[in-house]
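Peer 1: Have a look at the structure that comes next, please.
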Amino acid sequence: YFSSNFTLTIGGISTTLLSPPTNNYTNTNDTNFNCSASSESNSELNNITFYLWNSSGNLTYNLTKNISGFNDNSTFNFTFSEEGNYSWNCLGINNASNKSWGNNNFSIVYDITKPNLTLTGSLPTSETSNSVSKNFSFNVSDNNIKNCTLIINETISLTNSSMNTSLEQTFTKTFTPGTYNWKINCTDFAGNINSSSKNSFTITAVPITSSGGGGGSGGGGSSYQVSKSVTPQTYSATSSEVSTGYTKKLKKDEKINFSIFD
């Protein structure tokens with residue numbers, strides 16, 4: 001038998017990255033990074049270090065904080081001076097010299113550049129019609145484009161979240177009589193927004209036609225009047241107009257044709 005016992009201590013440390021989440025985009029240069037460390041009960045925490053690398057893998061910044069106890073949340077602040085893609089992690093160490101990184105580096109993109117937006121083609125013009133389709137074409141370029149929207153009378157009308165920055169993009173919408181102000185907004189994932197110039201056009205309803213006849217007078221001095229006959233107007237509402245809401249003022253005997261769909 002052995003004259004004495006030997007002691008074996010098994011312990012360790014774990015580090016977790018908390019915020020901002022990975023694949024994050026920001027246009028705020030002053031950013032807080034938060035990570036936590038936990039140590040086994042026999043060895044208290046000693047310190048934790050924050051590391052930030054640029055897109056080339058070069059260390060941009062690091063800072064060590066002394067910590068204690070067995071659980072700790074630490075916040076590190078960094079002010080970005082250059083746009084770009086960055087990655088970050090934290091390394092925790094306890095008093096037993098056990099070390100632990102976060103499982104994976106988190107990524108963050110610092111972007112303060114607005115999307116480049118240009119209207120293309122012929123802009124919608126005023127015309128006379130009871131229902132007409134208009135195209136709104138544009139080009140947009142941005143490394144981190146999120147979506148573009150068509151704004152009609154200060155309200156979002158259409159949104160495209162699958163932008164192809166290498167091709168001309170087009171919104172198409174049907175309009176009934178009225179005056180419309182419009183513009184296009186494009187937004188990137190960092191929250192930068194660019195707007196086109198504001199434009200307008202007017203759709204004027206087709207005039208209602210009327211027909212009538214006149215009578216003559218003959219001997220005896222008698223006279224009569226022939227009333228004018230007006231053909232009631234029938235309007236047609238497209239499925240798209242019914243879906244989004246269709247409004248029309250009607251005169252006597254006028255009608256609206258539309259389809260009921262699921």
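The values are calculated or read from the model by the stated rules, or taken from the named source; none is laboratory data. Computed from a predicted structure; not experimentally measured. Using ideal geometry, Cβ is built from the backbone for each residue, glycine included, and neighbour counts are taken over all protein chains shown. Quick note on the areas: whole protein, heavy atoms, side chains included, nothing else; ligands and nucleic acids left out. Shrake-Rupley method; radii C 1.70, N 1.55, O 1.52, S 1.80 Å.
Peer 1: Which condition number does residue 166 fail, the rest of (1) modelled with pLDDT under 95; (2) open to solvent by less than 70 Å² (accessible area, probe 1.4 Å); (3) within 26 Å of the chain's Cα centre (by Cα) being met?
Peer 2: Among (1) modelled with pLDDT under 95; (2) open to solvent by less than 70 Å² (accessible area, probe 1.4 Å); (3) within 26 Å of the chain's Cα centre (by Cα), the lone unmet condition for residue 166 is (2).
For every residue, the table says whether it meets (1) part of a loop (DSSP other than H, G, I, E, B); (2) exposed (fewer than 10 other Cβ atoms within 10 Å of the Cβ); (3) modelled with pLDDT under 75.
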{"position": "207", "(1), (2), (3)": "yes, yes, no"}
{"position": "216", "(1), (2), (3)": "yes, yes, yes"}
{"position": "220", "(1), (2), (3)": "yes, yes, yes"}
{"position": "224", "(1), (2), (3)": "yes, yes, yes"}
{"position": "232", "(1), (2), (3)": "yes, no, no"}
{"position": "240", "(1), (2), (3)": "no, no, yes"}
{"position": "247", "(1), (2), (3)": "yes, yes, no"}
{"position": "251", "(1), (2), (3)": "yes, yes, no"}
{"position": "260", "(1), (2), (3)": "yes, yes, yes"}
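Peer 1: Taking only pairs six or more apart or across chains, which ones have beta-carbon atoms under 7 Å, a first residue in segment 49-65 that is in a strand (DSSP E or B), and a second residue that is of a type in the set (Lys, Arg) and at pLDDT below 95?
Peer 2: Correct list of pairs: empty, since none qualify.
Peer 1: Residue check: is residue 185 open to solvent by less than 60 Å² (accessible area, probe 1.4 Å) and assigned to a strand (DSSP E or B)?
Peer 2: Details: open to solvent by less than 60 Å² (accessible area, probe 1.4 Å): yes; assigned to a strand (DSSP E or B): yes.
It is true that residue 185 is open to solvent by less than 60 Å² (accessible area, probe 1.4 Å) and assigned to a strand (DSSP E or B).
Peer 1: Further question: Of all the residues that make up segment 92-121, how many are within 18 Å of the chain's Cα centre (by Cα) and open to solvent by less than 40 Å² (accessible area, probe 1.4 Å)?
Peer 2: 5
Peer 1: Follow-up. So residue 141 passes all but one of these: (1) open to solvent by less than 60 Å² (accessible area, probe 1.4 Å); (2) touching a residue at least 60 places away in the same chain (Cβ under 8 Å); (3) under 27 Å from residue 23 (Cα atoms); (4) of a type in the set (Ser, Thr, Tyr). Which condition number does it fail?
Peer 2: Checking residue 141 against (1) open to solvent by less than 60 Å² (accessible area, probe 1.4 Å); (2) touching a residue at least 60 places away in the same chain (Cβ under 8 Å); (3) under 27 Å from residue 23 (Cα atoms); (4) of a type in the set (Ser, Thr, Tyr), the one that fails is (2).
Peer 1: Let me ask something additional. Return the pair list, or none, for Cβ contacts closer than 6 Å from residues in segment 86-113 that are closer than 20 Å to residue 28 by Cα and among the aliphatic types (A, V, I, L, M) to residues that are buried (at least 19 other Cβ atoms within 10 Å of the Cβ) and at pLDDT 95 or above, at least 6 apart or on different chains.
Peer 2: Every condition considered, the pairs that remain are 108/86.
Peer 1: Which numbered condition in (1) of a type outside the set (A, V, I, L, M, F, W, C); (2) assigned to a loop (DSSP other than H, G, I, E, B); (3) loosely packed, with under 12 Cβ neighbours inside 10 Å; (4) in contact with a Phe, Trp or Tyr (Cβ under 9 Å, 6 or more places away or on another chain) is the only one that residue 130 fails?
Peer 2: Tallying (1) of a type outside the set (A, V, I, L, M, F, W, C); (2) assigned to a loop (DSSP other than H, G, I, E, B); (3) loosely packed, with under 12 Cβ neighbours inside 10 Å; (4) in contact with a Phe, Trp or Tyr (Cβ under 9 Å, 6 or more places away or on another chain), residue 130 fails exactly one: (3).
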